[in-house]
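A short worksheet on the structure shown next.
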Amino acid sequence: MTYGIEFRDDAGNLTLRMTEAMPRLIHSQKFAWNYTGTLAVPDFDSDHGMFYVSPCAYSGYFSSPGFLERDNRTFASALAGLFGFNGYCLPSLSWNDETRVMTIAPATFPPGWPYEHRLDYFLNFIALNKRFSL
Amino acid sequence: MTYGLEILNNYGVPVFDMDHPCLVVKYSGLTQSMARPEPSPTGFAPQWEFAGTAGSYVALPGGMAWDIERGPSTDTMIKPVIPANASPQDTVFYQLGTTWCVYAIEVVTSLDPGFGIPEACMGVTTIPDLPFKVAGPITDTEASTGWGMQIFGDAGELLFDSNCEFLAIRYSFIVPQAVIDDILANGTVVDVALPEAMPECWIACPIWSHQEYGLDRVGAGPTYYYLRRFVEFSQVDASTIRLRRRQTEEAWSTPRTTFAYSHDAIFYVARNIP
């Protein structure tokens, strides 16, 4: 390095160099499964970032009043059940680079799909060094 | 920027900014396997217990029931991870090496109210003894004291702390749905060339599931054979991530419906810091 800034850990390993950028959380927002609309994220640059969906596991079902008593379930079985019916579909997302707006539509089921679950979800936008295309 | 710190890297990209928290490593370790359960008549057997505080969930013998229906039947289930300081914005990175990963998924636990645990990312994969790191936005919980460098935002929130462990997340890429479909349908092998050599890199693929195709092979009982196809990936050398098809045939006592589902897949790749 001729100039710039570097970080090293206490073992002397180079943890940040000037060809890199610190990954950062640009935006995060929770959406209902049936949300339809747009989301503006002006700070997000798709050349240097990525977004992804984190589905929420059955908040409506497992947090409903009387769930434990009604089904005679324990916390243990409830947590295991987070994945009990995990055949879900992802929402439709379309990012516009020029306007920096995401268009969002609910998931649609493919033909023959044997499940019926569409989950609430978080949409996370991450800044990082570089995105490349296949 | 009217005030504060701005550092651009060699490509003119901000290394930090004054508005957004950096991602730090919150939790790391090796994935732990659980014995694969037999299907139970009631659907779910108690397989988890709650030790009282967030981050102290432990798995009971027996694994998780969910994969009875979903995953390739030859895989071991792995104990999900919920670190104490977890958040819905966390991402789990795995150091695969040449191991093939057919299942890696993150969901946000959303059990409140009623269970007393926060919304948090939980990662699950199917590979035992696999190094993992959970990276998420830095909070005041990760703040250190003593020497080093910290950056705070307008509201005094911690955005960066040089004493934290970071993942050098270098690149991301999308595998388009059409590519996934080609792998599933035709068995095409796809090599993703990384822009630089990244030996033993850390890979996150937040939603790596449901890339599958199922097909009834025999339509008469009492046993129905069902062909399932998945896409799996691995780092085959320092500069290449390979995607290929895995195909299994499963026996069922009832007929299944043919279906297919795929979607764009998102990858993050971090260089290994020895």
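Nearest 100 Å² is fine: how much accessible area is buried between B and A, summed over both sides, with a 1.4 Å probe? Please report the intermediate quantities before stating the final value.
On the way: alone 14230 and 9490 Å², together 17060 Å².
Buried surface at the B/A interface: approximately 6700 Å².
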Taking every residue of A:4-14, the Cβ atoms of other protein chains inside 10 Å of its Cβ average out to 3
By the mean-Cβ-within-10 Å protection proxy, highest first, B:161-168, B:188-195 rank as B:161-168, B:188-195
Amide H contacts under 5 Å for B:Asn163, restricted to residues at least 5 apart in sequence or on another chain and with H modeled in the peptide plane, are B:Met149
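The values are calculated or read from the model by the stated rules, or taken from the named source; none is laboratory data. Please read all numbers here as calculations on a predicted model, not as lab measurements. Don't worry about glycine lacking a Cβ; one is built from the backbone with ideal geometry, like all the others, and counts go over all protein chains shown. Heads up: the accessible areas ignore ligands, DNA and RNA and are worked out on the full protein's heavy atoms, side chains in. Shrake-Rupley method; radii C 1.70, N 1.55, O 1.52, S 1.80 Å.
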